[in-house]
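Down below is the structure, laid out as structure tokens.
What follows is calculated from the coordinates using simple rules that are stated; it is not laboratory data. Bear in mind that the values here come from a model prediction, so they are computed numbers and not experimental data. Cβ placement follows ideal geometry from the backbone for every residue including glycine, while neighbour counts extend to all protein chains displayed.
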Amino acid sequence: MAQKKSFARMVGEYSNLALIIPSSLLVGYTIGYFLDKWLGTHFWYIVWLLIGIVAGMMELIKKVLGDFQKDQDAGGGEE
């Protein structure tokens with residue numbers, strides 16, 4: 001039987017997402033910025049920023065869908 005998570009644990013897990021999303025944006029922008037400096041271009045920062053956005057959103061969706069699936073599995077047999 002699945003154990004219900006405490007409120008504090010859930011807050012901790014979701015506040016982790018509040019750090020993952022901006023950090024993925026920052027890493028993507030930084031990679032693009034240095035590629036632009038190295039190659040002498042002006043568009044790689046946008047490409048890598050978009051990759052960072054996609055990576056952050058994928059992590060958010062994966063977490064939310066995983067928790068939703070766990071809730072469905074835990075409550076699926078009860079009616």
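Worth a mention:
- Of the three principal axes defined by the Cα atoms of region 18-66, the extents in descending order read 42, 15, 9 Å.
- 11 Å reach of a label modelled at Glu59, 7 Å along Cα-to-Cβ, counting backbone N of region 21-41: 21-28
- Linear extension gain, Leu50 paired with Ala74, 0.36 nm per residue minus alpha-carbon span: 5.0 nm
- The count of lysine pairs in the chain with alpha-carbon distances below 23 Å, taking only pairs 8 or more places apart or on different chains, stands at 7.
- Per-residue [θ]222 nm for the chain (sum of -39500 (n - 2.57) over DSSP H runs n ≥ 4, rounded to 500): -30000 deg cm²/dmol
- Of the peptides 41-49, 5-13, 58-66, the order by per-residue mean of other Cβ atoms within 10 Å, starting with the highest, comes out as 41-49, 58-66, 5-13.
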